[in-house]
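Undergrad: Submitted below is the structure of interest, expressed as structure tokens.
Any read-out appearing in this document is the output of simple, stated calculations on the displayed coordinates, not a laboratory observation. Here the structure is a predicted model, which means the values were calculated and not measured. So basically every Cβ, Gly included, is an ideal-geometry build from the backbone, and we count neighbours across all protein chains shown.
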Amino acid sequence: MKYISTRNNNKEYSFCEAVIKGLAEEGGLFLPKEIPVLKDKFIGKLRDKSLTEISYEISELFIDDIPADELSLIINEAINFPAPLVRLSDKYSVLELFHGPTCAFKDFGARFLAGVLSYYLKTEGKKCTILVATSGDTGSAVASGFYGKDNIDVVILYPSGKVSRIQEQQLTTFGKNIYAFEIEGTFDDCQRLVKTAFNDEKLNKKYFLTSANSISIGRLLPQTFYYFEAWKQTEESDKEIVFSVPSGNLGNLTACLFARKMGLPIKYAVSALNRNDVFRKYLETGLYLPEASIRTISNAMDVGNPSNRERISYLYKNNIELIKNDIHVYSFDDDETRDLMNEIFLNFNYIMDPHGSVGFLAAKKDDQSYKNNNHYIVLETAHTAKFPDETNSLIRGKIAVPDQLKDVLNKTKHSIKISNDYQEFKGRLLTLM
């Protein structure tokens, strides 16, 4: 399997090269040269396979430079938690992606990437520094996945005051090889600093830099696993499956498109946005015009310049009409999100976090708009306990906090607070490690 860049399809890379580089030389994002199509018998036997078996069989199609026993070990260590599908009604199910160590869907990608990257670096005798921007859950998942890796340092950038308390505690309490920069600005400022650093010749001479954001193909690939796992758990035989995906940087949505192109029977995808709706405007007008991000209660989706839009456009050869055939997109505000959280609790006795609630809103809107015989699977991307201010007030009670989240609340925060100026960030980074 060879990989190409969204900005140059003439040069080919191995999976190792794509993972270690993070971004191509000209700033493009890596994609498989061809997305393999799974045989019908693989889909037909999905219900007989475990999540780790599914993950391995998909991985070996994309990765040909890691021995089978090593790849199996990486997957067994990384994907060691479930992704259960909870059926709410004939029309709706919820895919729970918060059963990993940091209680967010990012655990799938971050832990897989940590295992793959650590293997490559050890094999080549190299050490790297990971730069990662986060709007909430990515940073904690990356910190957890890479914590204690001898050949990897992690630098996390997050927007000050724009993540929940539990999320911030997860970002800033690891220590050792994990460094947290608290940026006075937005997620887009954090992402801009990371992208600027990758193109900084002086910085790259001192540090071997790579990424663990969803721009990394090593994080995108494992996000396809749970779409297959969800489909395998469906009970519907007379309905077509539609996934409703809470969307920020569009990595999760891109993984859904990958799974569909690989042959998973997905009718189409629904992209659920909060007020940060650049992607919706892009599909409506054909013009991609990044905007300053707006703060919402679904903070991990507060992205005004989503990187993976470039991958989606490339996959569809910039044909907006083709994209719109496969992706229905909707956006909602915080009041609608809160109302829906309350409605779900009252109707189904199920508590959803703000991100999943935006996903449920989009599924409902799509069902009302098209009135097809669909079954909607809504991705619940984070545990409700990470957002106590919203969930506790709505259900008038305390959310049970998982042990892994309780532990971080008692730890001491360590962060480096700086402005969103690149030179300040660069200066602090050069003296840090």
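Undergrad: What value does region 59-130 have for Rg/Rh, both radii from Cα atoms and Rh as Kirkwood defines it?
TA: Over the Cα atoms of region 59-130, Rg/Rh equals 1.11.
Undergrad: Taking the number of other C-beta atoms within 10 Å as the exposure measure, put Y330, Y227 in order starting with the fewest.
TA: Ranked by crowding around the Cβ, least crowded first: Y330, Y227.
Undergrad: Taking N as the number of residues in region 255-331, what is its alpha-carbon radius of gyration divided by 2.2 N^0.38 Å? Intermediate values should be presented prior to the final figure.
TA: Working: Rg = 12.6 Å, N = 77, 2.2 N^0.38 = 11.5 Å.
Compactness ratio reported: 1.10.
Undergrad: Using Cβ counts within 10 Å as a stand-in for footprinting exposure, how do H414, H375, H355 rank, fewest first?
TA: Starting with the residue having the fewest Cβ neighbours, the order is H414, H375, H355.
Undergrad: In whole Hz, with x marking every Gly and Pro, tabulate ³J(HN,Hα) for region 11-28 from phi via Karplus 6.51 cos²θ - 1.76 cosθ + 1.60, θ = phi - 60°.
TA: Per-residue couplings from phi come out as 9, 10, 10, 7, 4, 4, 4, 5, 5, 5, 6, x, 10, 6, 4, 8, x, x Hz.
Undergrad: What number, in nm² with one decimal, is the all-direction average of the projected area of the convex hull of the alpha-carbon atoms of region 111-223?
TA: 6.8
Undergrad: Could you tell me what fraction of 2.2 N^0.38 Å the Cα radius of gyration of region 194-289 comes to, as a two-decimal ratio?
TA: Cα Rg divided by the expected 2.2 N^0.38 Å: 1.38.
Undergrad: By what distance, in whole Å, do the Cα atoms of the chain stretch along each of the three principal axes, largest value first?
TA: Result, largest extent first: 57, 49, 43 Å.
Undergrad: Does region 1-101 classify as rounded, prolate or oblate by the C-alpha gyration tensor (a ≥ b ≥ c root eigenvalues; a/c under 1.5 gives rounded; else a/b over b/c gives prolate, otherwise oblate)?
TA: It is prolate, given that a/c is not under 1.5 and a/b is the larger ratio.
Undergrad: Now a separate question. Largest first and in whole Å, what are the equivalent-ellipsoid semi-axes of region 364-433 based on the Cα gyration tensor, each being the root of 5 times an eigenvalue?
TA: One finds semi-axes of 39, 23, 12 Å for region 364-433.
Undergrad: Work the Kirkwood hydrodynamic radius out for region 280-433: mean of 1/r over every pair of different alpha-carbon atoms, inverted, in Å.
TA: The Cα-based Kirkwood calculation yields 18.8 Å.
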